[in-house]
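A short worksheet on the structure shown next.
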Amino acid sequence: MMRALGRLVCLVSVGLLGCSGMNVVQQQSQEPQQTQAQTTVGVMPAPKDARTRAKVHTELGSLYFQDGKMIVALEELTLAAAIDPDYAPAFSTRGLILYHVQEYDSAEKDFRRALTLEPRNSDINNNFGWFLCHTGRAKESIAYFEQALGNPLYQTPELAYMNAGECLVQLGQLDRAEDYLRRALRLSPENPQALFHLANVFYKRGNYEAARKQLLDAVRHSSPGPQILWLSLRVERRLGNKADEESLAAQLRRKFPDSSEYQAYLKGDFE
């Protein structure tokens, strides 16, 4: 369950790329496809104790979130929190979904409730740090990533290293950001998000060839989203590769015409 909670951060960051590593099971059937959450509902026995029931509803909420069914996901997580008000993952997961639907005040309340219940939970600390970073409070976020990384039993430290690196870029601390991102890549060498953020560090330093290399590696491992395409376009523009710049602009227009990145391109706002 904790790994599933950590991976939810990837789902929220849809601007970079699709989370192809989510390991969603596809039904091998001629019947109309069910969502993963619907399939899970059909096979789960009804547990009796409150903690197990809350966990089941939290997992269902996570699966509905992956399916893009936000309202049903929130219903499941609200039910989980009502069944067991001391089950921290229910509040943390609901906080991520509330962020996704732009209910930021309610999301923060849920994260803080989760941390009150389990202050040393690395997944919750990482997710709350990510939330702070993406709501304009990057400086506050670093302490929560450090708290997550201070736990030697943390199963996915590469997430906290990567997220901390991204936030340190926002703060202009490029050397420290590079250190964190390289640590993330030592643990997960093909992580396209970490590669993207490291490319951004190089871009901000004016090292465009190094940025280009990281972006090419990122694209090898996942289908790029608008942020990767946009940074790649700007890198090729800096390098004077007009044909590559135009090709990337065409991809951005074709795949993500409503993205903020494409709107910036139309305005000529390359920085």
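The numbers here are math on the coordinates, done by the rules we state, and not lab data. Quick caveat, the model's predicted, so the values are computed rather than measured. Glycine also receives a Cβ, built like all others from the backbone with ideal geometry; neighbour counts cover every protein chain displayed.
Return, ordered by residue number, the residues of segment 157-172 whose backbone nitrogen is under 18 Å from a label point located 7 Å along Cα→Cβ of Thr135.
Label zone hits: 164, 167.
What FRET efficiency comes out for Arg253 versus Asn207 if R0 is 30 angstrom and r is the Cβ-Cβ distance? Round to the nearest 0.05. Mind showing how you got there, number by number?
Values: r = 28 Å, r/R0 = 0.93.
The value I calculate is 0.60.
Convert 25 °C to kelvin, take the viscosity as 0.890 mPa s, use the Kirkwood radius over C-alpha pairs of segment 79-231 as Rh, and evaluate the Stokes-Einstein diffusion coefficient in µm²/s, rounded to a whole number. Provide the component values of the computation, followed by the final result.
Working: Rh = 16.1 Å.
Result for D is 153 µm²/s.
Roughly speaking, what is the centre-to-centre gap between segment 142-212 and segment 96-128 when only Cα atoms are used, to the nearest Å?
21 Å
Can you bin every Cα-Cα distance in segment 149-243 into 5 Å intervals starting at zero and give me the percent of pairs per bin, rounded to whole numbers?
Over segment 149-243, the share of Cα pairs per 5 Å bin runs 2, 16, 24, 24, 18, 8, 5, 2, 1, 0 percent.
Rounded, prolate or oblate, given the Cα gyration tensor of segment 145-199, with a/c below 1.5 counting as rounded?
Details: a/c = 2.28, a/b = 1.26, b/c = 1.81.
Oblate, because a/c is 1.5 or more while a/b does not exceed b/c.
Out of every Cα-Cα pair in segment 208-271, what percent are more than 21 Å apart? Could the numbers behind the result be given before it?
Working: 279 of 2016 pairs.
When every Cα pair of segment 208-271 is considered, 14 percent fall beyond 21 Å.
Which is farthest toward the positive dipole end of segment 70-209 among Phe202, Leu153, Pro89, measuring Cα position about the Cα centre, with Cβ charges +1 (Lys, Arg) and -1 (Asp, Glu)?
Among Phe202, Leu153, Pro89, the one farthest towards the positive end of the dipole of segment 70-209 is Phe202.
Past the 28 Å Cα-Cα mark, which pairs from Lys69/Lys109; Lys109/Lys267; Lys139/Lys242; Lys204/Lys255?
Details: Lys69/Lys109 22 Å; Lys109/Lys267 38 Å; Lys139/Lys242 37 Å; Lys204/Lys255 26 Å.
Checking Cα-Cα distances, Lys109/Lys267; Lys139/Lys242 exceed 28 Å.
State to the nearest 20 debye the size of the charge dipole of segment 208-271 about its Cα centre, where the only charges are +1 on K and R beta carbons and -1 on D and E beta carbons.
Numbers: 11 positive and 10 negative charges, 22 e Å.
Result for segment 208-271 is approximately 100 debye, rounded to the nearest 20.
Can you sort Asp110, Asp258 from fewest to most other Cβ atoms within 10 Å of each residue's own Cβ?
Asp258, Asp110
At most 14 other Cβ atoms within 10 Å and a DSSP loop assignment: could you name the trypsin sites (Lys or Arg not before Pro) in segment 71-180 that fit? All intermediate terms of the calculation are to be shown ahead of the outcome.
Values: sites: Arg94, Lys109, Arg112, Arg113, Arg120, Arg137, Lys139, Arg176; in loops: Arg120, Arg137.
Here the trypsin sites (Lys or Arg not before Pro) that fit, given the DSSP loop and packing criteria, are Arg120, Arg137.
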